[in-house]
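Report on the structure given below.
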Amino acid sequence: MLSINNLHAAVDGKPILKGIDLEVGAGEVHAIMGPNGSGKSTLANVLVGRDGYDVTGGQVVYRGKNLLDFSVEERACEGIFLAFQYPVEIPGVSNLYLLKAALNSVRKHRGLSEISAVEFLKLIKEKIKLVEMKEEFLHRSVNEGFSGGEKKRNEILQLAVLEPSLAILDETDSGLDIDALKVVANGVNSLRDEQRAMIVVTHYQRLLDYIVPDKVHILANGRVVKSGDKTLALELEKRGYTWLAQNSDAAAAPSAGV
Amino acid sequence: MFEAVQKAYVDAYEGAASGLPGGSIPWVRRVRESGLSRFREVGFPTVRDEDWKYTNVRPIAKQPFATAVRDGVVVTGVELPEHAALESHRCVFVNGHFIPDLSRLQKLPDGVTVMSLSDALRQGVAELETELGRFVPDALHGFAALNTAFLTDGAYIRISDNCSVEHPIELIYVCALDGEQPQVCYPRNLVIAGTGSRVAVLERYVCAQQDRYFTNAVTELVARPSAQVDYYKLQQESARAFHVGGLFVHQDRDSTVTTNNIAMGGAIARTDLHVTLSDTGAHSTMNGLYIGAGRQHIDNHTQVDHRVAHCTSDEFYKGVLTGRSRAVFHGRIVVHQDAQHTDAQQQNNNLLLSRDAEVDTKPQLEIYADDVKCSHGATVGQLDPNSVFYLQSRGIDQDSARSMLTYAFAKDVINRFAIEPIRDELEHHLTLTLLRGKPVGEPA
């Protein structure tokens, strides 16, 4: 589904990604771990096409197409979804309004007609159960005055409604207490299926107790320095990121250019 | 400056005076001549006047505009705003003159008088003698003085005591002037809401085509004790037209007046809103929304006078500006010495959608009492690129994302407008017309 080949990217002229290679197949859940500044969030932002993240080399092929050619909204309509680490607050735009506008944009792109008001409400009422969200949140402005946990649940609600092919969760566990983490993880797990791939970006192994990945990749200094199965995350948790530094040229030589 | 033009207006008055409605009635003449003498005295304002510092009226004052006459008014082909959802009593004026054929006043309830000012002047309606011109401040600028000098037509609305009017009364001013010869209209309205009465009035300015003309309007609104008035001014003049308007509100004891001042049209558009809270318990809500595009210049000057104790005022103006448009907001709150326990709030927020749009916002609080609660705030900002990106990342294209956020910015003031079709119209204008994005609708 997603094939990343020798991807280089820079922010403000500073190289952050220095040759990422990654293959993600349909139905797979990949975890990307790594210390702060290793490029995890940069990778997530590059995939959705955020301004200011400049691709300086390499390729990203998504379902046979060159992803980097697409605008932000085209990527979303093509089925890429990023659950943000820090979702923005949008006063004046209700949650329900955003969900409907987003869903209709995606449907339009897929050649479907606009969803009827009745069908839409039925769908939403079903989806909010997944993230155990109260109905009143639908009528509030997007994320305005939401707690950290509520914001993350709201991201997962959007994910559930838009049903993307590739979901990227950027540090979805950050700032969550254990109860909120379980709710979010349950929501995500219920959305796992054979057609959908997921990339779970996280600093800690804790989330992976609940969202069990098929593969784990460790990023350091803009490269994937180690890949393995779920046991890699456990090992990393036990031995810490310093263990990597001793094992990786890339991490050991942070000043090395590209 | 502009002396020759000033003289041309004075001469035009001298020539027209006896032919104006009620021109033979001494008190009517006195009112007009008080306006004329004020105009002779002050002429047109210049940027040296503090109240006109940011609005240069040279394009209006550099040539005399001829008074648009009633004869030859073409009433066919004039498109009036139609709202299926808005049931109203309607007065239509074309080029400043009342046109009964286009109006709809058959269903006015008992206790409500709506008539053209020129008819009321000709008939010598007694109330006009005591009330007309009484509520405009003495220190009037030249434009309002000129309106008084040439006052001819408009609406005279009288709501009897304890009368509640279910449907809004619409005053629609259509300009259908070809712009070949510069012409001016002088709409003049007097609205008196009797004790304990309740009414909504919608004053709307539209054009038949995008031509250059000048509207110089004055409205006096009086709310007697405990009256409740919801007043709308919806200015949608031609983008080449000039509009200078005054809305002078006088409130008696325990009255509640909400003014909703919406400005979208005009090359140069200026509105002066002046609210006088003259007796205790009066409450004024001042809502405003101005939307500028192209090279429009939109100026709103507001003043609320708290003359006595225990009155409240709440002012909330928002502006959305794109292109090279420019806006001015000047909000003055005067709390007089005896006005203890005044509660006066003011807020002005502006959204600039383009690099070349500009706004000058100036709150001005003058407080001579010592036990009051007053606050004000002004902001100028842009759309948050993070919010635009967030919406795009959910599949919403950039134009629609910007539309949604622009509408979201203006929504809290729009939601204060009680008449729903007006809210819908503004949503449409903001999301579809202004940004040329796709219309977006709230889910049911």
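Ordering of B:351-363, B:245-257 by packing is B:245-257, B:351-363, highest average first (other Cβ atoms within 10 Å, averaged per residue). Based on the Kirkwood radius over alpha-carbon pairs, what is the Stokes-Einstein translational diffusion coefficient of the stretch B:270-375 at 10 °C with 1.306 mPa s viscosity, in µm²/s? The Stokes-Einstein estimate is 112 µm²/s. The stretch between A:E163 and A:D229 holds 21.2 nm of extra length on full extension. This uses 0.36 nm per residue minus the Cα-Cα distance.
Taken about its Cα centre, the stretch A:11-134 carries a charge dipole of about 400 debye when Lys and Arg each add +1 at the Cβ and Asp and Glu each add -1 at the Cβ. Once the Kirkwood radius over Cα pairs is known for the protein assembly as shown, the Stokes-Einstein relation at 25 °C and 0.890 mPa s delivers a diffusion coefficient of 85 µm²/s. Here the stretch B:226-242 is scanned for amide nitrogen atoms under 19 Å from the site 7 Å beyond the Cα of B:R58 along Cα-to-Cβ, giving B:241-242. Considering only B:F150, B:L117, B:N56, and ranking their Cα positions along the charge dipole of the stretch B:21-156 that arises from unit charges at the beta-carbon of Lys, Arg, Asp and Glu, the one farthest toward the positive end is B:N56. One chain, two ends: A:N189 and A:N66. Fully extended at 0.36 nm per residue, the span grows by 41.4 nm beyond their Cα-Cα distance. Ordering B:149-155, A:205-211 by mean Cβ neighbour count within 10 Å, with the highest value first, yields B:149-155, A:205-211.
Give the whole-number value, in cubic angstrom per residue, of the convex hull volume spanned by the C-alpha atoms of the stretch B:338-444. Mind dumping the intermediate values first?
Numbers: hull volume 15.6 nm³, N = 107.
Expressed per residue, the convex hull around the Cα atoms of the stretch B:338-444 is 145 Å³.
Averaged over its residues, how many other protein chain Cβ atoms are within 10 Å of peptide B:405-417's Cβ atoms? Intermediate results must be reported in sequence, preceding the final value.
Details: counts 4, 1, 3, 8, 3, 1, 5, 2, 0, 1, 1, 0, 0.
Counting Cβ atoms of other protein chains within 10 Å of each residue's Cβ and averaging gives 2.
Our analysis of chain B gives Rg over Rh at 0.95, with the two radii drawn from alpha carbon positions and Rh computed by the Kirkwood formula. Quotient of the Cα radius of gyration of the stretch A:2-252 and 2.2 N^0.38 Å, N being its number of residues: 1.00. According to the Kirkwood expression over distinct Cα-Cα pairs, how big is the hydrodynamic radius of the stretch B:1-56, in Å? About 12.7 Å for the stretch B:1-56. Neighbouring Cβ atoms from other chains, within 10 Å of the Cβ of residues in A:98-104, number 5 on average.
Each reported figure results from applying straightforward, stated rules to the coordinates on display, with no laboratory input. Remember, it's a predicted structure, so these values are computed and weren't measured experimentally. Backbone-built Cβ (ideal geometry, glycine too); neighbour counts: all protein chains shown.
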